[in-house]
Amino acid sequence: MTTTRALPPATQNDDLRAHLPAIEPDRTITDWGRSERLEGLVDATLYSFLYHYWFRCEVEGIENVPSTGGAMLVANHAGALPPDASMIAKAIQEEHPRPRKLHLTVEHFFKGYPFFSMFVAKIGGVPAHPANVQRLLDDEQQLVLVFPEGAKATEKLYKDRYKLRRFGRGGFVEAAMRAGVPIVPIAVVGAEEAMPTFAHVGLLKRLTGLIYFPVTPLFPHFGLLGAVYLPAKFKLRFLEPVRTERMGAAPWDDKGLVQEVAGDIRARIQDELVDMVGRRRSVWFG
Amino acid sequence: MGRRVLITGLSTYWGGRLAQALEREESVDVIVGVSPDDPTCELTRTEYVRVGTQHALLARIVQAAAIDTVIDTRLVVDSIAAPPRAAHENNVIGTMNIVAACGGPDSPVRKFVFKSSAHFYGCERDDPAFFTERMRRPHPPRTPIEEDIVEAERAVRAFDERNRDVAVTVLRFANGLGPDISTSHTALLSLPVVPAILGFDPRYQFIHEDDIVGVLAHVAVNDLPGVYNAAGDGVLVLSEVASLLGKPLAPLLPPWGTGVAAAALRRAGVRIPPEMLQQLRYGRALDNRALKAAGYAFRATSRETVQAFAEHLRTRKLRATPGAGYQYEREVEEFLRWSPAVRGDDRLGLGRLTRDQLAELARALDSLEARPARLAPRGTASGSTLRTGSPSSSGGAADAELAAEP
């Protein structure tokens, strides 16, 4: 592409929020491709069952999730087919005084892989593009869940459980700063044991085109049964929000500050995990 | 003084519709349309010159008619509309020639509007969910038509940089839909089932054909330099489109080896061009807020566009009237525009003058004592129109000009 100063871009200075499309009440699918119907069905059946009976989720600090305005939720991530995102979403639905929809950022991989592509977007997955996060947080004032570790966390082996990986390049902090929304860190215990990965099969990964091909307690030897989680006890702790709007003008330009905030959040989640795992007597009963 | 507009691609659907829309605009004085083929719709005051994209000829037309606004509607953005070589010739070489004809130190052109397409952004796995005007293409073009569009826009950008006193507008349109246009998408959605790629339900956004014309006319009349996305509000998914049309979604294409399957479908008469395959897989949506902020109000959302199209599909057999198409006849058009019999009394354009001006003119003529009979000012003074005789006008130019009288 030409790198020279392009055509003067259309005016972007005035607030474009007023020009967001109106909600069309006849539709059950949002502009992001999220289907109320499918999501409601999954929520009422699978998520409810997992949340109440299988993982028996215990939630602390739900009041740290704001009831209005945009907010970025940041959590640790684990499991070959990670159940943590749906449980965080369900926790907000169940425990919060004002239940709100949560948008989960997912790898671009899911948009390109058949069937995943259809379902992930319908149950609230949004590709983790900075522009998408910006639009959701700033323009639409929504809740967005981000896993800064990304696939590095879900592919890690059982022996490395509860050791946080690198928090990306701090892009999530930058996005929250630009939108001027708080960051709510979340520590999740249980997901590591629900579907632990013992090894990876490189050849099958390449053949199937998946992001990784794991060996879990039930996969691949039991086929589709491999999607069954082990009934680990889940604990979710929502931590005190980090206020990005009080960090001065254009804090995102200060890369040092961005890295500092990102490192800080990572350390807080790690400390909390150590504390929670330390108190836990049994993986299955908490 | 009103605008003097040149429309390229007058014979295309968009050129013709835009000319019709501008004919209704009082702020537009002159409309000149150029294209290598005859116009395909009825026009009253648009002047038509049959010329290709030779820049020397275009430059002469622009100079002679003192054109201040050029609207280029000629870009081919659908690879079933023209064979690749012809499309390239038109899109890349044609754009180069047209901007060459509009540039230069003594050019009267002050505004250049370029109709482009959302294919500029392409369609890939790691695209943002909504493209804004500031975003650049994340990947190099994949299909010939995208390559053409990117290259044409590059020529327009270069023109913009070299001619800072010309306001350049680039409009990137989403997939158009409507009863009168025919694109690869209208063909696809007219099939008894809506073909899809197995395992994908892409996001789709449409713009109604009337909105495409509306946006072009809006930009022609208002000065809005810069790039603007044009797409109806709301983003549908393909399964939603199918259900609005009342048709089943048929995953005819496999997720792997899609190109081969598309080639097989082509043999069966279903043409799915490569740029559309990308859209059927990944989908695409535009952020249209900048254009809304610039004062354009869309008449239809994406959903309403599809609903209107569904209605058209249900009734098209009932409404089909054979042989009703418009046929351009040069002699007839020239007679209607230039014959004194049609133009009648108003050859001097007196219909545009105000009553006071006419009265003053009459007084001036009185004092000269040279009063040609057909300019008799008696009727004028009493307030009736200047058209005293009854010109055997069969509509057309004379009526349009007289209608402009306050």
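Read the figures in this text as sums done on the coordinates, not as results from a lab. Treat the numbers as computed from the prediction; the structure is a model and nothing was measured. Cβ atoms come from the backbone with ideal geometry, glycine included; neighbour counts cover every protein chain shown.
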Cross-link partners of B:Lys247 among lysines (Cα-Cα below 20 Å; sequence separation of 8 or more within a chain):
B:Lys317
Counted neighbours (other Cβ, 10 Å), sorted fewest up, put B:Val193, A:Val133, A:Val242, A:Val173 in the order B:Val193, A:Val242, A:Val133, A:Val173
What are the lysines whose alpha-carbon lies under 22 Å from the alpha-carbon of B:Lys115, with same-chain residues fewer than 8 places away excluded?
B:Lys292
Once amide hydrogens are built 1.01 Å from N within the peptide plane, the residues lying 5 or more places from B:Ile207 or on another chain with amide H under 5 Å from its amide H are B:Asn175, B:Gly176, B:Leu177, B:Gly232
Of all DSSP beta bridges located in the protein assembly as shown, what percent are antiparallel, nearest 5?
15
Using Cα positions and a limit of under 13 Å, work out the aspartates and glutamates in reach of A:Lys235, with same-chain residues fewer than 8 apart set aside.
A:Glu58, A:Glu60, A:Asp84, A:Glu192, A:Glu193, A:Glu272, A:Asp275
Mean-square fluctuation maximum in Gaussian network of chain B, Cα pairs under 10 Å, restricted to B:Pro254, B:Pro141, B:Pro273, hits B:Pro254
Just need the relative contact order of segment B:3-319 here, percent rounded to a whole number, with Cα pairs under 8 Å and 6+ apart.
18
Within the P(r) computed for segment A:178-286, what percentage of the Cα pairs occupies the region above 16 Å?
71
Which loop trypsin sites (Lys or Arg not before Pro) in segment A:52-155, with loop taken from DSSP, have no more than 10 other Cβ atoms within 10 angstrom of their Cβ?
none
Roughly what % of Cα-Cα distances in chain A sit above 32 Å, to the whole percent?
26
Which trypsin sites (Lys or Arg not before Pro) from segment B:139-236 combine a DSSP loop assignment with at most 11 other Cβ atoms within 10 Å?
B:Arg164
In nm, the gap between the two label points placed 7 Å beyond Cα toward Cβ at B:Asp38 and A:Leu203 is 7.0
Apply the Karplus parameterisation 6.51 cos²θ - 1.76 cosθ + 1.60, with θ equal to phi minus 60°, to every residue of segment B:93-98 and state each ³J(HN,Hα) to the nearest whole Hz, in sequence, with x for glycine and proline.
5, x, 4, 4, 5, 5
Using Cα centres only, tell me the gap between segment A:44-92 and segment B:125-190 in whole Å.
41
Of all DSSP beta bridges having both residues in chain A, the percent classed as antiparallel (nearest 5) is 30
Any of A:Lys101/A:Lys152; A:Lys90/A:Lys159; A:Lys90/A:Lys152; A:Lys111/A:Lys205; A:Lys90/A:Lys205; A:Lys122/A:Lys156 with alpha carbons more than 22 Å apart? Name them for me.
A:Lys101/A:Lys152; A:Lys90/A:Lys159; A:Lys90/A:Lys152; A:Lys90/A:Lys205; A:Lys122/A:Lys156
Starting from the Cα gyration tensor of segment B:3-319, multiply each eigenvalue by 5, take the square root, and state the resulting semi-axes largest first in whole Å.
33, 21, 19
Name the chymotrypsin sites (Phe, Trp or Tyr not before Pro) in segment A:206-281 that are in a loop by DSSP and that have at most 12 other C-beta atoms within 10 Å, would you?
A:Phe222
